[in-house]
1. Please pick out the residue among ASN194, ASN221 that is polar (S, T, N, Q), exposed (fewer than 15 other Cβ atoms within 10 Å of the Cβ) and closer than 23 Å to ALA302 by Cα.
2. Looking at region 75-89, which of its residues are small (Gly, Ala, Ser) and surrounded by fewer than 22 Cβ atoms within 10 Å (Cβ to Cβ)?
3. Mind checking whether some residue in region 220-231 is at positive phi and at pLDDT 95 or above?
4. Got a number for residues in region 267-276 being open to solvent by 10 Å² or more (accessible area, probe 1.4 Å) and modelled with pLDDT of 95 or more?
5. Condition first: surrounded by 14 or more Cβ atoms within 10 Å (Cβ to Cβ) and either modelled with pLDDT of 90 or more or within 16 Å of the chain's Cα centre (by Cα) (or both). Now tell me which residues in region 59-74 satisfy that.
6. Among the residues of region 228-245, is there at least one that is under 18 Å from the mean Cα position of the chain (by Cα), of a type outside the set (Gly, Ala, Ser), within 27 Å of GLY94 (Cβ to Cβ) and not in a strand (DSSP E or B)?
7. Checking GLY92 against (1) under 21 Å from LEU159 (Cα atoms); (2) open to solvent by 10 Å² or more (accessible area, probe 1.4 Å); (3) in a loop (DSSP other than H, G, I, E, B), which test does it fail?
8. Can you name the residue in region 201-217 that is at pLDDT 95 or above and open to solvent by less than 20 Å² (accessible area, probe 1.4 Å) and is also nearest to the chain's Cα centre (by Cα) among such residues?
Amino acid sequence: MMKKTILTGLTLVLCMSVYAQADVFSYLTEFETQGDPLSIAADSSGGLYYTVFTFSGANLTACYYIADPVNANALESHVLVDNGAETDVPAGRGFTSVAVDAQGNVYLALESGNAATASVRKLSPAPAFEPVDDFFGGIVAGIARYNGVEVLDDTTIALTTFNTVEFWDSRDATPLITVTGGEAFQRELAYNPNTHDIYIAKNGGNLANSANLLSGGSPDNLDGYTTITAGFIAQGGVATQYGSNGQLIAYDAESNLIYIPDYTADEPPSIAAYDPADLSAPAFKLDASESPNGAFTTPSDAVAVHEASGDTLLFVTDNPNDRIVVFTTGSTHVGEWSLY
């Protein structure tokens, strides 16, 4: 448990090099989570979802919802998503991805370590979280070990296995097409609606490859997606045999930035932001070194929330530090935020 700390404001900017068009983020705050957070997503109202994934014991994975992560982020406000807990998975397995569609429906990918028990779930919007009957009763199980789930549009989702990308009808879970030929240890995926490109986080013993690319198609032309190209982002990968479950990926269409963990040797772990048009180096990196509780240990996933004021909040999961770290492009005054 991390010690509570009160900060009245921070103005230090964590961006060493930033393109002129890129947002400049500063550390704002952080809050405790109900276990080790992994994947993160936000709905259209700014509600936050995160999954818990840990190697510390079996049956500890779950998904939680925070209706107002800005003003009410204490642990008691984190609601366990009904049908978003699992009681039959070993340590180091669990919910590896969460996504939310425009209607607020919640999609969860459960990687159980066994294709027979792995599943994809669709739940109705908060606060009901009821299984969606049309989606095969709300749960599709026993097909493959899915690591990532992403919403493409109102009728299509994409899923990753360790070496494929599948497309399903999001209404009834009908399989549409499968693209093979991906590299081992594909994790989460992110969709760029402006170009229809799909970015795939990938790791495992290769510092020179942290994301692959699937392009050429669109939700209206899924057959155009034919080839997974390696090395789309050619730096920052985890240089271990199996990589990290926590190397996920996100794309923010409003700022046109890809967010992915960066584990470059001899540098602190960070969340790196990339302009898709220039992947030679990150536009900037955030390592949370200004946090009173220390820099990131294992930054895993990020989601950007755009406020009516024009400011952007960036929420980053830090697995296994039981916290979500928040950055802002606006004021660093924390007001009513609960810090620790």
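1. ASN194
2. If the condition is that a residue be small (Gly, Ala, Ser) and surrounded by fewer than 22 Cβ atoms within 10 Å (Cβ to Cβ), then SER77, ALA85 are the ones that fit.
3. No, region 220-231 contains no residue that is at positive phi and at pLDDT 95 or above.
4. So the count comes out to 2.
5. ASN59, LEU60, THR61, ALA62, CYS63, TYR64, TYR65, ILE66, ALA67, PRO69, ALA72, ASN73 - these are the residues of region 59-74 that are surrounded by 14 or more Cβ atoms within 10 Å (Cβ to Cβ) and either modelled with pLDDT of 90 or more or within 16 Å of the chain's Cα centre (by Cα) (or both).
6. Scanning region 228-245 turns up at least one residue that is under 18 Å from the mean Cα position of the chain (by Cα), of a type outside the set (Gly, Ala, Ser), within 27 Å of GLY94 (Cβ to Cβ) and not in a strand (DSSP E or B).
7. The number of the failed condition is (2).
8. The extreme case among them is LEU214.
The values are calculated or read from the model by the stated rules, or taken from the named source; none is laboratory data. In this text, all values refer to a predicted model and were calculated from it rather than measured experimentally. Methodologically, a virtual Cβ is constructed for each residue, glycine included, from the backbone with ideal geometry; neighbour enumeration extends over all protein chains shown. Heavy atoms of the whole protein, side chains included, go into the accessibility calculation; ligands, DNA and RNA do not. Shrake-Rupley method; radii C 1.70, N 1.55, O 1.52, S 1.80 Å.
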